[in-house]
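The values are calculated or read from the model by the stated rules, or taken from the named source; none is laboratory data. Since this is a predicted model, take the numbers as computed values, not measurements. All Cβ positions, glycine included, derive from the backbone under ideal geometry; neighbour counts span all protein chains shown. Keep in mind that these areas ignore ligands, DNA and RNA; they rest on the heavy atoms of the full protein, side chains included. Shrake-Rupley method; radii C 1.70, N 1.55, O 1.52, S 1.80 Å.
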Amino acid sequence: MRIVVTGGAGFLGSHLCDRLLAEGHEVIAIDNLITGSTDNIAHIRDKRFTFIQYDVTNYIYVEGPVDFVFHFASPASPIDYLELPIQTLKVGSLGTHKALGLAKYKKAGFLLASTSEVYGDPLINPQHEEYWGNVNPIGPRGVYDEAKRFAEAMTMAYHTFHKVETRIVRIFNTYGPRNRANDGRVVPTFINQAIRNEPITVFGKGQQTRSFCYVSDLIDGIYRLSRSSEHYPVNVGNPHEMTVLQFAEKIIELTGSSSKIIYKPLPQDDPTVRRPDISKAKKILDWEPKVNLEEGLKKTVEYFKLKMEREGR
Ligand code: UDP
């Protein structure tokens, strides 16, 4: 197949490009590089791979046939979308519209990268796909949450009214190599603090929970979803839930760091709990995560150590 990946130079987008190339597809990655980086795709030496630097909130023109569009472009860490609120809203709304328009015009399949953030600060735990969520539209995270909720609505409308073959994946916290060291997210932040023996910054009392999925597991779930016929949203993530404080302790133990834990204020609207109910993915995709936390974290710590050595920091 000839496949377009928006956000193809991002963390998840670049891993998806790797997987698609390994499956024998031709890939066109589009990214405006505001949070993505060509470092993430620099290793790809393949004639079937093309990179285009472009902002997909504008009309997307791709020459020749396209069989599938993966829409992965968006700032995705709380710090990024606080700094880029308008771009976040635009890529979720206008960008999704343009990417769907491309899929419709080319008679291609389409997969939207949605998020567990559509559940907001959830009032049920774990979160299943039928839950409508608890989102503050005008809070600091609203720009991301509402953009993705709009993106889901737009995707369903293109399916219903234009008969585009659409898929929606709700992605839960994912980590691994190519996470950005300074994107503010808990996994890269704690690992980098631990490697440098600097204080680990736990927000609030660290009693909020998250469930972390290793990137190769996530990409496998997404690839399977793209090949399925499910139009409704599917959660993909790892249900292994822990508190942020437990996670900080795990990182200290794994890295053998002398870092101490310090406490910082909890950001506004930080979800209290988060854990995916993955029964649907298990049933219809025959998928569940394979990489356990320790194994995944070791690979990620290795990646950051090497990166630091290379950059001499
Ligand atoms: N967090 C933390 N210290 C940090 C960064 C994040 O305690 O230096 C917490 C944050 O408040 C949240 C959790 O870790 O409860 C996960 O945050 P992240 O930014 O990775 O993503 P989120 O799941 O909130 O989208």
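So here's what we get for this one:
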item: Of all DSSP beta bridges in the chain, antiparallel share, percent nearest 5; result: 10 percent
item: Region 19-61: C-alpha gyration tensor shape, a/c 1.5 cut-off, then a/b vs b/c; result: oblate
item: Region 126-174: trypsin sites (Lys or Arg not before Pro) in DSSP loop, at most 15 other beta carbons within 10 Å; result: Lys163
item: Residue among Gln268, Gln207, Gln193 with the largest mean-square fluctuation in a Gaussian network model of the chain, springs linking Cα atoms under 10 Å; result: Gln268
item: Contour minus Cα-Cα distance for Arg2 and Ala181 (0.36 nm per residue); result: 61.2 nm
item: Low-density loop positions, chymotrypsin sites (Phe, Trp or Tyr not before Pro), region 1-91 - DSSP coil, at most 11 other Cβ in 10 Å; result: Tyr59, Tyr61
item: Proximal aspartates and glutamates relative to Lys250, as straight alpha-carbon distance under 16 Å, when same-chain residues fewer than 8 apart are discounted; result: Glu198, Glu241, Glu294, Glu295, Glu302
item: Ellipsoid equivalent to region 203-268 - semi-axes via the Cα gyration tensor, in Å; result: 32, 16, 8
item: Carbon/sulfur fraction of accessible area - region 113-175, other protein chains in place, 1.4 Å, %; result: 61 percent
item: Longest exposed-site-free window of the chain, the sites being GluC sites (Glu not before Pro) in a DSSP loop that have at most 12 other C-beta atoms within 10 Å; result: 131-313
item: Surface accessible to a 1.4 Å probe, per residue, for the residues of the chain, Å²; result: 45 Å²
item: Rg/Rg_globular for the chain, with Rg_globular taken as 2.2 N^0.38 Å and Rg from C-alpha atoms; result: 0.96
item: Under 10 Å, Cβ to Cβ, from Pro126 - net charge with Lys/Arg +1 and Asp/Glu -1; result: 0
item: For Ser229, solvent-accessible area (1.4 Å; no DNA, RNA or ligand), Å²; result: 90 Å²
item: DSSP-defined beta bridges in region 1-113 - what % are antiparallel, rounded to 5; result: 0 percent
item: Cross-link pairs beyond the 31 Å C-alpha cut-off, checked among Lys107/Lys290; Lys163/Lys283; Lys98/Lys280; Lys47/Lys307; Lys90/Lys299; result: Lys107/Lys290; Lys90/Lys299
item: Volume of the Cα convex hull of region 1-121, divided per residue and given in Å³; result: 103 Å³
